[in-house]
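*Asks:* Got a structure for you, questions after.
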Amino acid sequence: MTEDMSIASYLAQGGMLSNPANVPPRYRAALLKLMATFVDSELAGAAGFADIINEGPGIKARIAAAKIVLEKSDNADRVLAIMGDFGADTERYADHHPWTARLQRDADIGQNRSDHDMRLAVFNYPIEGWADAVVMNLLMGRAVAVQLAEFSLVSYQPLAEAFRAIAPIEARHAELAEEGLERLIEEAGKDGLQEAIDYWWPRVAASFGTEASEKFEGLKAMGLRRTPNGELKTRWQAEAGAILSRLGLKPGT
C-alpha cells in the first residue's frame, strides 16, 4: 500500500513509468484498457477499410487505401507488443476474431462498445461505398490526430513513445482522405457527400466519450489523461469543420 501510494504521488506530480513490474494494479488496468481500445479500433478500422479497397476510383486511390490498411495494422501491432509486456496473449488476441463484423447502417448505439472487443463504437458501423469511406476516414482521421496528441503524453513511457511514432502516420491517413475528398468533388461533385458527413459526424463525435466523465480525474492523477473529453471534441469539431467548410461542405450536428 505504501509503495502504491508513493507511486501514485509520483504520477500525480508528472512522473513516468517504464517497467511493467513497477505498475500498480489500478494503473495497469487503466493502461491496458487504453491500449486495447486503440488496438481493437485500429484492427476493426483496417478490416472495414480493406473491404472497400477495390471500389477506389483508379489504381492510385486503391494503393492509398491499401497503404492505410497496412499501416493501421502495423500501428495496432506496435501497441499490441507493449500489451504483451503485461502478459497479454498477443497471438491469440488478434487472430480468429470478427474484425469485419458490423451493425446495420441505421443502428444507433451511442458510445456503447461491442460485446466482442474494445473497439470504439464508430467502428461497429458499416461503410457503404468509396465516398462514404473517404468521408469516414477524414472525420475519424482528424479525431485520431486529436486523441493521439493527448495519448502521446501518457505517463507510461514506452506507450507514449509508440503513440508519438504512430501520430504522423495517422495524420497522413487523414491527409490522404482530405485529398481523396477534394478529388471526389472535382470529378463527381458533392452529390451524397453531405449525407455521409451527417451520418458519420455524430458517430465520430461519440468516440470522444462522455463530456462529464467521472473517470477523468482518476486517469489524470495517474498521468493517463490531461485534457477533458469535451475540450478534445471541441478541438476536433473546429479542425474537421474548417476542412469541410473550405471544401464547401457543412459539419454535421
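The values are calculated or read from the model by the stated rules, or taken from the named source; none is laboratory data. Quantities reported herein were computed from a predicted structural model and do not represent experimental measurements. A quick note on method: Cβ atoms are made from the backbone with ideal geometry, for glycine too, and the neighbour counts reach across all protein chains shown. The area values use the complete protein model at the heavy-atom level, side chains included, leaving out ligands, DNA and RNA. Shrake-Rupley method; radii C 1.70, N 1.55, O 1.52, S 1.80 Å.
*Asks:* Just give me the residues in region 75-104 being without any contact (Cβ under 8 Å) to a residue 40 or more places away in the chain, out of contact with any helix residue (DSSP H, G or I) (no Cβ under 6 Å at 6 or more places or on another chain) and either open to solvent by less than 40 Å² (accessible area, probe 1.4 Å) or of a type in the set (D, E, K, R) (or both), in sequence order.
*Replies:* Those that are without any contact (Cβ under 8 Å) to a residue 40 or more places away in the chain, out of contact with any helix residue (DSSP H, G or I) (no Cβ under 6 Å at 6 or more places or on another chain) and either open to solvent by less than 40 Å² (accessible area, probe 1.4 Å) or of a type in the set (D, E, K, R) (or both): ASP77, ASP89, GLU91, ARG92, ASP95.
*Asks:* What pairs come up if the first residue lies in region 119-135 and is in contact (Cβ under 8 Å) with a residue 12 or more places away in the chain and open to solvent by less than 20 Å² (accessible area, probe 1.4 Å), the second is assigned to a helix (DSSP H, G or I) and β-branched (Val, Ile, Thr), and their beta carbons are under 7 Å apart, counting only those six or more places apart or on different chains?
*Replies:* That search, which allows pairs on different chains as well, returns VAL122/VAL204; VAL135/ILE197.
Quick grid of which residues meet (1) modelled with pLDDT of 90 or more; (2) within 30 Å of ALA21 (Cα to Cα):
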{"site": "ILE82", "(1), (2)": "yes, yes"}
{"site": "ALA88", "(1), (2)": "no, yes"}
{"site": "ALA94", "(1), (2)": "no, yes"}
{"site": "HIS97", "(1), (2)": "no, yes"}
{"site": "SER114", "(1), (2)": "no, no"}
{"site": "PHE123", "(1), (2)": "yes, no"}
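*Asks:* Another question, if that's okay. So which residues in region 213-240 are more than 25 Å from ALA29 (Cα to Cα) and open to solvent by less than 50 Å² (accessible area, probe 1.4 Å)? Working first, answer last.
*Replies:* At the first step, the residues of region 213-240 found to be more than 25 Å from ALA29 (Cα to Cα) are 234-240.
Correct list: TRP236, ALA240.
*Asks:* Any idea which of ALA167, ALA171 is in a helix (DSSP H, G or I), among the hydrophobic types (A, V, I, L, M, F, W, C), surrounded by fewer than 19 Cβ atoms within 10 Å (Cβ to Cβ) and without any contact (Cβ under 8 Å) to a residue 24 or more places away in the chain? Give the derivation first.
*Replies:* Details: ALA171 fails: without any contact (Cβ under 8 Å) to a residue 24 or more places away in the chain.
Checking each option against the conditions leaves just ALA167.
*Asks:* Can we say PRO251 is at pLDDT below 95, within 26 Å of ARG113 (Cβ to Cβ) and buried (at least 16 other Cβ atoms within 10 Å of the Cβ)? Reasoning before the result, please.
*Replies:* Details: at pLDDT below 95: yes; within 26 Å of ARG113 (Cβ to Cβ): yes; buried (at least 16 other Cβ atoms within 10 Å of the Cβ): yes.
Spelling it out, PRO251 is indeed at pLDDT below 95, within 26 Å of ARG113 (Cβ to Cβ) and buried (at least 16 other Cβ atoms within 10 Å of the Cβ).
*Asks:* For ARG113, only one of the following conditions fails: (1) among the basic types (Lys, Arg); (2) over 28 Å from GLU182 (Cβ atoms); (3) touching an Asp or Glu at 6+ places or on another chain (Cβ under 6 Å). What is its number?
*Replies:* The failed condition is (3).
*Asks:* A further question on this structure: If you scan region 176-212, which residues turn out to be open to solvent by 40 Å² or more (accessible area, probe 1.4 Å) and in contact with a Ser or Thr (Cβ under 8 Å, 6 or more places away or on another chain)?
*Replies:* ASP198, PRO202
*Asks:* Something else now. Step by step: first the residues of region 216-247, then only those that are in contact with a helix residue (DSSP H, G or I) (Cβ under 6 Å, 6 or more places away or on another chain) and of a type in the set (Gly, Ala, Ser), then the one that is farthest from LEU138 (Cα to Cα). Which residue is that?
*Replies:* Among them, the one singled out is ALA221.
*Asks:* Here is a further query. Have a look at LEU148, LEU153, LEU159 and point out the one that is surrounded by 14 or more Cβ atoms within 10 Å (Cβ to Cβ), among the hydrophobic types (A, V, I, L, M, F, W, C) and not in a helix (DSSP H, G or I).
*Replies:* Working: LEU148 fails: not in a helix (DSSP H, G or I); LEU159 fails: not in a helix (DSSP H, G or I).
Within the list LEU148, LEU153, LEU159, the selection yields LEU153.
*Asks:* Give the residues of region 45-74 that are open to solvent by less than 10 Å² (accessible area, probe 1.4 Å) and either over 23 Å from TYR125 (Cα atoms) or free of Cβ contacts under 8 Å to residues at least 60 places away in the same chain (or both), sorted by residue number.
*Replies:* The one that is open to solvent by less than 10 Å² (accessible area, probe 1.4 Å) and either over 23 Å from TYR125 (Cα atoms) or free of Cβ contacts under 8 Å to residues at least 60 places away in the same chain (or both): ALA46.
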